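Notes follow once the structure below has been shown.
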Amino acid sequence: MVHTVPYNKRGGLLSSSSPGTECDVSKTLQELAEYLGGQVKGDPAAVITGLGTLDNAVEGQITFLANPRYGAKVGTTRAAAIVMPPTAETFGRNAIVVDNPYLAFAKLLTLFTSRPRSAKGVMAGAFVGRDVVIGKDASIYPGACIADGVRIGDRVTIHGNVSLYEGVVLGDDVTLHSGVSVREGCLLGSRVTIHNGTIIGGDGFGYAPNGKGWFKIPQIGNVVIEDDVEIGANSTVDRAALETTRIGRGTKIDNLVQVAHNCDIGEDCIIVAQAGIAGSARLGRHVTLGGQVAIVDHTVIGDNAMISGQSGVFGNVAAGAVLSGTPAMPHQARLKSAAIFPYLPEMRKTLAKLGSRMARVEERLEPAVAID
Amino acid sequence: MVHTVPYNKRGGLLSSSSPGTECDVSKTLQELAEYLGGQVKGDPAAVITGLGTLDNAVEGQITFLANPRYGAKVGTTRAAAIVMPPTAETFGRNAIVVDNPYLAFAKLLTLFTSRPRSAKGVMAGAFVGRDVVIGKDASIYPGACIADGVRIGDRVTIHGNVSLYEGVVLGDDVTLHSGVSVREGCLLGSRVTIHNGTIIGGDGFGYAPNGKGWFKIPQIGNVVIEDDVEIGANSTVDRAALETTRIGRGTKIDNLVQVAHNCDIGEDCIIVAQAGIAGSARLGRHVTLGGQVAIVDHTVIGDNAMISGQSGVFGNVAAGAVLSGTPAMPHQARLKSAAIFPYLPEMRKTLAKLGSRMARVEERLEPAVAID
Amino acid sequence: MVHTVPYNKRGGLLSSSSPGTECDVSKTLQELAEYLGGQVKGDPAAVITGLGTLDNAVEGQITFLANPRYGAKVGTTRAAAIVMPPTAETFGRNAIVVDNPYLAFAKLLTLFTSRPRSAKGVMAGAFVGRDVVIGKDASIYPGACIADGVRIGDRVTIHGNVSLYEGVVLGDDVTLHSGVSVREGCLLGSRVTIHNGTIIGGDGFGYAPNGKGWFKIPQIGNVVIEDDVEIGANSTVDRAALETTRIGRGTKIDNLVQVAHNCDIGEDCIIVAQAGIAGSARLGRHVTLGGQVAIVDHTVIGDNAMISGQSGVFGNVAAGAVLSGTPAMPHQARLKSAAIFPYLPEMRKTLAKLGSRMARVEERLEPAVAID
């Protein structure tokens, strides 16, 4: 049967089922070294046509040495060249020496696996309202719903079943995956990528008690997502009550993350899956939040702070702090306290026994005292 | 370029980019005082045409004093009038005195920012099945999929890419934002608002072990969402196994919340983002769950209980209780215990030293005892 | 008004509003006993046409005794027969005796509530790309977007607003509920069910620091979901960086769960709502993760391990271990430590007092020592 699922056929770097690998790139070692800002050892004219692993690379492919433990494999790999750190030995092989092989790896993956984007235009089955401005080379898939007055930059890709409400503005080179919704009046910068099912600009969670129940506070602000932000799947960023919920330039947000109304997230932050940031919190630049972290409303977190997974932050955090736990405390101190936690029952027993022993000792001494 | 993103142009109360503010309301101070149930000081005939902040309000706008700390600004604001609590000074300005300025603020925001709803009918690109009943003045957007036998009340708004399965019933004045799915047989009351991507009536998570793996227990119940409920984005409310998962009247649920099968949530509850309520739990009226709270299955939580963020509730909770932590305990007591947690390593060391000192003391005393 | 919401009319087993109950099954007690692998007591020819509860069953219906506490009701129920464990008394009624009444209940529910599936074909309003292969008896609803080169097995149901990207392969008897997205190159086995809004194959969360900000690591792998997997609503399973994120055969995943890139989840696991599994973690067979559990990246969890709700697992877990807490520790030990937590303030005070008492005792003893 033609449609039997071959799920034993895995994806992967060298697999024909890997969707990103069917492109046709050919570069000399010298060209790659310049691209990576590295230095050639061996033959700069060697031609590279693909990527492989140390174990599985074939002729014409370049591979990586990231972990020094595998240094000996450099001598035996069939790869045409190896990207390696300055400390590694070449065994006489062609190599590119770089300071950061992990970053170089990411760059080569990008080079060898990016397909050229081909604009598809506004496809049949896409719904486009009135007064919509669409830049050049757009791809808008069937089932996308674009409301009146939306403005869209150049080279934007909008997948199926995306909804853009009235007045949304998208910059250039934006990609919105299927199921994304961007609510009224929200603004996205250039090179923003939003994965499937994520919601930008849902109402903030604000109600005033009116003696009987809850009176809704209208949420009339918006969301601004700055350039080069990427947001994962099924996350939510709420619109501000009055002004703007901001996601700063270059920040990366994972799946199922909640950013509440009025938050201001700085540049180049990393926010891991299922973290939640309550209303009006402010994160500085380059803050890292681990998975399932909770940040209480109105908290201010300084630049470069790191909050470990599952922590709960109930107060302001100094720049550069490394915290963990609920309530969050300095990470190293918390590890030490957490290591004691299993001994609590024993400690309580010991304490009770010491109390008895002390009482006995005191009893013995008291008569002597009385005699004095 | 016309489509450059002006994301330095923020949303907000006074901003032209704020989507909610372009409406045309004009009221006298007397009319507003009656609307708010407050009392005029100054000129009841003063005309108010908008809202502003203490700092930024312009002529014709009304503003608020919520925080007494800013009382002096009442004397200097350019606003035409100020809403204030009875304790504040008017500085001879026009004012409306109310007991709850925060609620009054919400009400005025509603008054000044609500646009009149204009019914758009069933738009081209919406898919409507057989035997569907649609009330008057509906707006049904492109990409909405409405299955056979659905019944829809008056003045309902169904955005793009909403899916209503067979037999769904919606009351009057319901708003379903894009990406919402309501599964077969689920019922929503009137004035229910559900934000984007939320799923009502997915199967409950129920499997019986059959010796080899897991046998699915059919989930044949439904979900009932009562009047005036609002649910945020990307939340999930599962259908009951046999009967009904209920969300009580007036309850407000935030984003990314999980309500499992058979739960019964009372009236006027507040459930903050990323909270999870396991199967068959029962919440009373006016219960508050903080963000990322977990409620274990079959738990019963009394009226007006409050559970602090990230807590884990593993047993029944009395009405009015205020709990926090995992396992949850009275909040004040937990704060005290949590404050000791950082001292655990020190406590363990002290305990060990006390043990040695005690042994030395006992040793000293024993010979004396023997001599006796 | 025809569209008034009758939300006092609950769903349920015997309710006409229950969507699953309108089917027409008639079996003898003997036939049902064979279906369940049980033993008839009483009249094997008795005809059963439906299911009911002990309290509410009517003539012709079969009911269950799961909880021995209700054993006396067997004598008084109006049901035509009772499914019961070997230890229960029949009171002379017709019965089927089985070892596992809970499983038998699930099986009878399936038998009596499953409607025959009727294929609807590719409905108007579904978007199907080029070179798509669709097996027999498919139902593809309006608003579904199926990209070029997708291959779909027999008897597959694809609801409205589902998006299948290029190169997706689905096995037989797959059901994808509305709002599901399956990204490029992902493979689903047979009898896979995915509830609404779940995203399969969004990019894994991988960035390399480049000195200024974050450089995206292309995620060129895929996701493979093996046979008989069921995934709840609004969950996310990320595609691997290079190879495959795997969900093993028969595993059941609840709502709002995050499975990060490169994870390998074994067969027959149970993963409860809002759990998060970080990158490259490996779960064995039949592992249970409670709600809101966090598993740190690269963790290996052995077969049959159970992790209690809200736990945080920061290291490898042995097969069969039962852990809880953050950081996770053996569950019984943690319960004991958690029970001491409320006494920490008292313990610290006691410790301080003991210190003073000890100092006083030592002081008293020291002069004596000096005299020696």
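Kindly establish whether A:Thr288 is farther than 22 Å from C:Gly276 by Cβ, polar (S, T, N, Q), out of contact with any Ser or Thr (no Cβ under 7 Å at 6 or more places or on another chain) and modelled with pLDDT of 95 or more.
Working: farther than 22 Å from C:Gly276 by Cβ: no; polar (S, T, N, Q): yes; out of contact with any Ser or Thr (no Cβ under 7 Å at 6 or more places or on another chain): yes; modelled with pLDDT of 95 or more: yes.
In short, no.
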request  = Kindly establish whether B:Lys107 is in a helix (DSSP H, G or I), at pLDDT 90 or above, within 30 Å of A:Leu187 (Cβ to Cβ) and not aliphatic (A, V, I, L, M).
outcome  = yes
note = Restricting attention to the stretch A:174-184, the residues that are part of a loop (DSSP other than H, G, I, E, B) and either within 14 Å of chain C (Cβ to nearest Cβ) or without any contact (Cβ under 8 Å) to a residue 12 or more places away in the chain (or both) number exactly 4
inquiry  = For the stretch B:250-268, check the following and say yes or no: at least one residue is in contact with a His (Cβ under 8 Å, 6 or more places away or on another chain) and on the phi > 0 side of the Ramachandran plot.
reply    = yes
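Are any of the residues in the stretch C:111-129 among the aromatic types (Phe, Trp, Tyr) and modelled with pLDDT of 95 or more? First the steps, then the outcome.
Keep residues of the stretch C:111-129 that are among the aromatic types (Phe, Trp, Tyr), which gives C:112, C:127.
This time we only want the ones that are modelled with pLDDT of 95 or more, so: C:127.
Yes.
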inquiry  = So in the stretch B:185-205, with the set limited to residues that are more than 23 Å from B:Gly153 (Cα to Cα) and open to solvent by 10 Å² or more (accessible area, probe 1.4 Å), which one is farthest from the other protein chains (Cβ to nearest Cβ)?
reply    = B:Asp203
task = Return a yes/no flag: does the stretch B:299-310 have any residue that is farther than 21 Å from A:Gly204 by Cβ, open to solvent by 20 Å² or more (accessible area, probe 1.4 Å), among the hydrophobic types (A, V, I, L, M, F, W, C) and out of contact with any Lys or Arg (no Cβ under 7 Å at 6 or more places or on another chain).
result = no
query = Regarding B:Leu289, is this residue more than 10 Å from chain C (Cβ to nearest Cβ) and crowded, with 16+ Cβ neighbours inside 10 Å?
reply = yes
message = Against the definition (open to solvent by less than 30 Å² (accessible area, probe 1.4 Å), modelled with pLDDT under 95, within 11 Å of chain B (Cβ to nearest Cβ) and farther than 30 Å from C:Arg249 by Cβ), how does C:Val361 come out, yes or no?
response = yes
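So, of the residues in the stretch B:315-333 that are open to solvent by less than 40 Å² (accessible area, probe 1.4 Å) and part of a strand (DSSP E or B), which turns out to be nearest to the other protein chains (Cβ to nearest Cβ)? Please lay out each step first, then the result.
Filtering the stretch B:315-333 down to residues open to solvent by less than 40 Å² (accessible area, probe 1.4 Å) leaves B:315, B:317, B:321, B:323-325, B:328-329.
Then keep just the ones that are part of a strand (DSSP E or B); that gives B:317, B:323-324, B:329.
Details: B:Val317: 16, B:Leu323: 12, B:Ser324: 9, B:Met329: 6 Å.
Here the residue is B:Met329.
Do we have any residue at all in the stretch A:241-248 that's more than 7 Å from every other protein chain (Cβ to nearest Cβ), over 22 Å from A:Val168 (Cα atoms) and open to solvent by less than 20 Å² (accessible area, probe 1.4 Å)?
Here is the first cut: in the stretch A:241-248, the ones more than 7 Å from every other protein chain (Cβ to nearest Cβ) are A:241, A:245-248.
Imposing the further condition that a residue be over 22 Å from A:Val168 (Cα atoms) reduces the set to none.
No - not one qualifying residue is present in the stretch A:241-248.
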query = Which residue out of C:Gly202, C:Gly232, C:Gly266 is in contact with a Lys or Arg (Cβ under 8 Å, 6 or more places away or on another chain) and within 23 Å of A:Val162 (Cα to Cα)?
reply = C:Gly202
query = Failed condition for A:Val296, given (1) within 24 Å of C:Gln258 (Cα to Cα); (2) within 13 Å of chain B (Cβ to nearest Cβ); (3) surrounded by 24 or more Cβ atoms within 10 Å (Cβ to Cβ), with all others met?
reply = (3)
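For every residue, the table says whether it meets (1) under 17 Å from B:Asn56 (Cα atoms); (2) modelled with pLDDT of 95 or more; (3) open to solvent by 40 Å² or more (accessible area, probe 1.4 Å); (4) in the same structural domain as B:Gly60 (by TED's automatic domain parsing).
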position	(1), (2), (3), (4)
B:Ala72	yes, no, yes, yes
B:Thr87	no, no, yes, yes
B:Ile96	no, yes, no, yes
B:Pro101	no, no, no, yes
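Look at B:Ala106 and say whether it is hydrophobic (A, V, I, L, M, F, W, C), outside the structural domain of B:Gly50 (by TED's automatic domain parsing) and in contact with a Phe, Trp or Tyr (Cβ under 8 Å, 6 or more places away or on another chain).
No: the conditions fail for B:Ala106.
Within the stretch A:214-225, can you find the residues that are crowded, with 24+ Cβ neighbours inside 10 Å and within 7 Å of another protein chain (Cβ to nearest Cβ)? Explain how you work it out, then say what you get.
Start the filter on the stretch A:214-225 by keeping residues that are crowded, with 24+ Cβ neighbours inside 10 Å, which leaves A:219-225.
Within the stretch A:214-225, A:Ile220, A:Gly221, A:Asn222, A:Val224 qualify.
Quick one: would you say C:Ile253 is away from chain A (no Cβ under 11 Å), under 30 Å from B:Gln310 (Cα atoms), open to solvent by 10 Å² or more (accessible area, probe 1.4 Å) and within 16 Å of the chain's Cα centre (by Cα)?
On the way: away from chain A (no Cβ under 11 Å): yes; under 30 Å from B:Gln310 (Cα atoms): yes; open to solvent by 10 Å² or more (accessible area, probe 1.4 Å): no; within 16 Å of the chain's Cα centre (by Cα): yes.
Taking the combined requirement at face value, the residue does not satisfy it.
Can A:Asp268 be described as open to solvent by 20 Å² or more (accessible area, probe 1.4 Å) and within 22 Å of C:His261 (Cβ to Cβ)?
Numbers: open to solvent by 20 Å² or more (accessible area, probe 1.4 Å): no; within 22 Å of C:His261 (Cβ to Cβ): yes.
No.
Is the stretch C:334-347 home to any residue that is within 26 Å of C:His195 (Cα to Cα), in contact with a Gly (Cβ under 9 Å, 6 or more places away or on another chain), crowded, with 16+ Cβ neighbours inside 10 Å and hydroxyl-bearing (Ser, Thr, Tyr)? Quick ask: steps written out before the conclusion?
Let us first name the residues in the stretch C:334-347 that are within 26 Å of C:His195 (Cα to Cα), namely none.
For the stretch C:334-347, residues within 26 Å of C:His195 (Cα to Cα), in contact with a Gly (Cβ under 9 Å, 6 or more places away or on another chain), crowded, with 16+ Cβ neighbours inside 10 Å and hydroxyl-bearing (Ser, Thr, Tyr): absent.
So in the stretch A:124-173, with the set limited to residues that are of a type in the set (Ser, Thr, Tyr) and in a loop (DSSP other than H, G, I, E, B), which one is least open to solvent (accessible area, probe 1.4 Å)?
To start, the set of residues in the stretch A:124-173 that are of a type in the set (Ser, Thr, Tyr) comprises A:139, A:141, A:157, A:163, A:165.
This time we only want the ones that are in a loop (DSSP other than H, G, I, E, B), so: A:141, A:165.
Working: A:Tyr141: 53, A:Tyr165: 24 Å².
Looking at residues that are of a type in the set (Ser, Thr, Tyr) and in a loop (DSSP other than H, G, I, E, B), I get A:Tyr165.
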remark   = Considering the stretch C:104-115, residues that are open to solvent by 20 Å² or more (accessible area, probe 1.4 Å) and among the hydrophobic types (A, V, I, L, M, F, W, C), and then whichever is farthest from C:Thr63 (Cα to Cα), we arrive at C:Leu111
request  = Restricting attention to the stretch B:226-240, report how many residues are more than 16 Å from A:Tyr207 (Cβ to Cβ) and open to solvent by 10 Å² or more (accessible area, probe 1.4 Å).
outcome  = 1
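Being touching an Asp or Glu at 6+ places or on another chain (Cβ under 8 Å) and modelled with pLDDT of 95 or more narrows it down to one of B:Ala338, B:Ala319, so name that one. Reasoning before the result, please.
Values: B:Ala338 fails: touching an Asp or Glu at 6+ places or on another chain (Cβ under 8 Å).
One residue alone meets the criteria, B:Ala319.
The values are calculated or read from the model by the stated rules, or taken from the named source; none is laboratory data. Because the structure is predicted, anything quoted here is derived from the model rather than measured. Virtual Cβ from ideal backbone geometry, glycine too; neighbours counted across all protein chains shown. Surface areas here come from the heavy atoms of the whole protein model, side chains and all, with no ligands, DNA or RNA. Shrake-Rupley method; radii C 1.70, N 1.55, O 1.52, S 1.80 Å.
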